[in-house]
Amino acid sequence: MVSVQYHLIPSPNKQKNGNKDKEKDVEKEKDVKDEFADALRDLKIQWMAKLDENVFYEELKESYPTHLPLYVARLHQLDNEKERMKRMDAIVEAADDVISRIDQTALAINLAMKTDPRPEAATVKSDMERQKSSLIDALCRKGCALADTILQYHSQDGATSEEVDSTGDDTKDSVANLSATFWEILKWTELTDSKVLTFAYKHALVNKMHGRALKFAIKLLEDKPNKENWKNCIQVMKLLGWRHCASFTESSLSIMFPQEYAPF
């Protein structure tokens, strides 16, 4: 006859499970708090463009100094102001701020990868695409600000492309900066990209490439057939000496936009 003895001992995991549950609750509470803080931050950034004040920007800049969307929103806020022509230097500075916060080398390496075996590859790719979009947007807004500054100088002083050498140092710097911005944009996208068309049109005007400017003006018109884009086409037609085309298109505006036509 064989005797069998059973020794029952308490499970050693009970206390640990309890600790884990507590830790999970604490982590969940932290996640909720972080989620709320991020949502509040994003809401303030969203309202920055609607409020003509820098209160939110200065506050968020201290709390989130490396958050790229904050600086992108600041750039958009400046570029959409009513008195935009008076803020050209601030727009260029804000665009440079956005550009400097994007690691272009890392971005190019990541976008050149055929396959990313990392588990977080989808998240990384999405973040890189957003950075690329922000980079192109900042370059285009900077280029448009520089082009508008040069075009304004030409319209006031009647300067031409042959007279650039005799202009002031500021204008020379703007022309050089505009050219550098043009080549930077070509590194990341085509000039026919819908996001780049406005810059491409203004860059062609600055360089007196009126045929090229009309090409981009027509593409802008195809994307958004409004009265402003029609007037841009008419302006370039006049610069090309196509008076008959400009006159015919100009007389057709009252038919295309009858609500805006004032008969008396």
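Any residue at all in the stretch 213-222 that's over 26 Å from ALA180 (Cα atoms) and out of contact with any strand residue (DSSP E or B) (no Cβ under 6 Å at 6 or more places or on another chain)?
yes
When residues of the stretch 43-61 are filtered for being part of a helix (DSSP H, G or I) and in contact with a helix residue (DSSP H, G or I) (Cβ under 8 Å, 6 or more places away or on another chain), how many remain?
Total meeting the criteria: 10.
Contact list please: Cβ distance under 9 Å, first residue in the stretch 239-264 and open to solvent by less than 50 Å² (accessible area, probe 1.4 Å), second residue at pLDDT below 85 and of a type in the set (Ser, Thr, Tyr), pairs at least six apart or on different chains. So the pair list comes out as LEU253/TYR261; SER254/TYR261. Residues in the stretch 62-77 that are open to solvent by 60 Å² or more (accessible area, probe 1.4 Å) and out of contact with any helix residue (DSSP H, G or I) (no Cβ under 7 Å at 6 or more places or on another chain): GLU62, SER63, PRO65, THR66. Considering only residues in the stretch 1-42 that are part of a helix (DSSP H, G or I), at pLDDT 60 or above and of a type in the set (A, V, I, L, M, F, W, C), the one that is farthest from GLU59 (Cα to Cα) turns out to be VAL32.
Kindly indicate whether THR198 is in contact with a Cys (Cβ under 8 Å, 6 or more places away or on another chain), buried (at least 16 other Cβ atoms within 10 Å of the Cβ) and of a type outside the set (Phe, Trp, Tyr).
Considered against the rule, which asks whether it is in contact with a Cys (Cβ under 8 Å, 6 or more places away or on another chain), buried (at least 16 other Cβ atoms within 10 Å of the Cβ) and of a type outside the set (Phe, Trp, Tyr), THR198 comes out as yes.
Listed residues ALA204, ALA180; which is crowded, with 16+ Cβ neighbours inside 10 Å and either closer than 23 Å to VAL92 by Cα or modelled with pLDDT of 95 or more (or both)? From the options ALA204, ALA180, the qualifying one is ALA204.
The values are calculated or read from the model by the stated rules, or taken from the named source; none is laboratory data. What you see is a predicted model; the values in this text were computed from it and never measured. Virtual Cβ from ideal backbone geometry, glycine too; neighbours counted across all protein chains shown. Quick note on the areas: whole protein, heavy atoms, side chains included, nothing else; ligands and nucleic acids left out. Shrake-Rupley method; radii C 1.70, N 1.55, O 1.52, S 1.80 Å.
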